[in-house]
1. Considering only residues that are under 30 Å from residue 255 (Cα atoms) and part of a helix (DSSP H, G or I), which ones fall in region 151-199?
2. Looking at (1) touching a strand residue (DSSP E or B) at 6+ places or on another chain (Cβ under 7 Å); (2) on the phi < 0 side of the Ramachandran plot; (3) surrounded by 17 or more Cβ atoms within 10 Å (Cβ to Cβ), find the lone condition where residue 237 falls short.
3. Anything in region 27-49 that is out of contact with any strand residue (DSSP E or B) (no Cβ under 9 Å at 6 or more places or on another chain) and either closer than 18 Å to residue 78 by Cα or surrounded by 18 or more Cβ atoms within 10 Å (Cβ to Cβ) (or both)? List them, or say none.
4. Mind listing just one residue for me: the one in region 255-281 that is out of contact with any helix residue (DSSP H, G or I) (no Cβ under 8 Å at 6 or more places or on another chain) and part of a loop (DSSP other than H, G, I, E, B) and, of those, surrounded by the most Cβ atoms within 10 Å (Cβ to Cβ)?
5. Would you check if residue 104 is farther than 25 Å from residue 173 by Cβ, assigned to a helix (DSSP H, G or I) and touching a residue at least 12 places away in the same chain (Cβ under 8 Å)?
6. Can you tell me which residue in region 77-94 is farthest from residue 187 (Cα to Cα), limited to those that are in contact with a helix residue (DSSP H, G or I) (Cβ under 7 Å, 6 or more places away or on another chain) and in a helix (DSSP H, G or I)?
7. Out of region 158-180, which residues are on the phi < 0 side of the Ramachandran plot, touching a residue at least 40 places away in the same chain (Cβ under 8 Å) and exposed (fewer than 14 other Cβ atoms within 10 Å of the Cβ)?
């Protein structure tokens, strides 16, 4: 069994920079890649800011922050990931995009390297079949925001080897995360339960049962949720919510997973939530304002 000492992360967005953050703090050498230097620099700025907040809150020492930042290197070219022991793909929830990345990166990796995906809903078995190493492929699904959330789903494909699973388990443990093993079914555990709830909240809005504010207040105070479902949808990204609902609907062929037409309309409008400035709330002012 190889020992994971270096981690490549493909995608410097919300999830990717969070994975790079926690891996570097855990002592791994991290190589962060994205399609442009600008996106990588943005990801590094997020990591630096989040680590500074951890220092200010007393969760880590400043020396730990400095050492962790020094362990992160920039991979402007995907070739720079060739010597990594573990490569984690954390790009958009689009199967064709992921397959294209695997076609690029697999020929570059050393034979013993493990390739993982942070997919939140797609079939690990099907993604693994698009690589040259299905036995060394696994789903490692982090929760957002990665530095804060302590839970990780591990998902084996039908071909995933025991050695690969054991390596992933050790990696997650070293990060200080708690893992649960999910079977390779659409959306796994967390999103299989969470996204239909969010979709139902959107239906509740669509059918005029309550306003955005009423629905979120009801669930925060009536169900003791930290965040209302529409606020959470904006945080996740409405395009991601729609993608997961489509995976559930297509994969399980059950009408209860049909994406709400209002969710589809918001995505078509480009109102994707926080990252776009508008979703179920408008974030362009000093305080978020409901859009319905």
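The values are calculated or read from the model by the stated rules, or taken from the named source; none is laboratory data. All values derive from a computational prediction rather than experimental measurement. Positions of Cβ are backbone-derived with ideal geometry, glycine not excepted, and every protein chain shown enters the neighbour counts.
1. 190, 191, 192, 193, 194, 195, 196, 197, 198, 199
2. Unmet condition: (2).
3. Matches in region 27-49: 35, 36, 38, 39, 42, 46.
4. Taking the candidates together, the pick is 277.
5. Judged against the criteria, residue 104 is a match.
6. Looking at the filtered set, the residue picked out is 79.
7. Those that are on the phi < 0 side of the Ramachandran plot, touching a residue at least 40 places away in the same chain (Cβ under 8 Å) and exposed (fewer than 14 other Cβ atoms within 10 Å of the Cβ): 166, 170.
Each row is one residue, and each column tells you yes or no for (1) under 16 Å from residue 11 (Cβ atoms); (2) surrounded by 15 or more Cβ atoms within 10 Å (Cβ to Cβ); (3) in the same structural domain as residue 248 (by TED's automatic domain parsing); (4) at pLDDT below 95.
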position: 101; (1), (2), (3), (4): yes, yes, no, no
position: 112; (1), (2), (3), (4): no, no, no, no
position: 117; (1), (2), (3), (4): yes, yes, no, no
position: 130; (1), (2), (3), (4): no, yes, no, no
position: 134; (1), (2), (3), (4): no, yes, no, no
position: 137; (1), (2), (3), (4): no, yes, no, no
position: 140; (1), (2), (3), (4): yes, yes, no, no
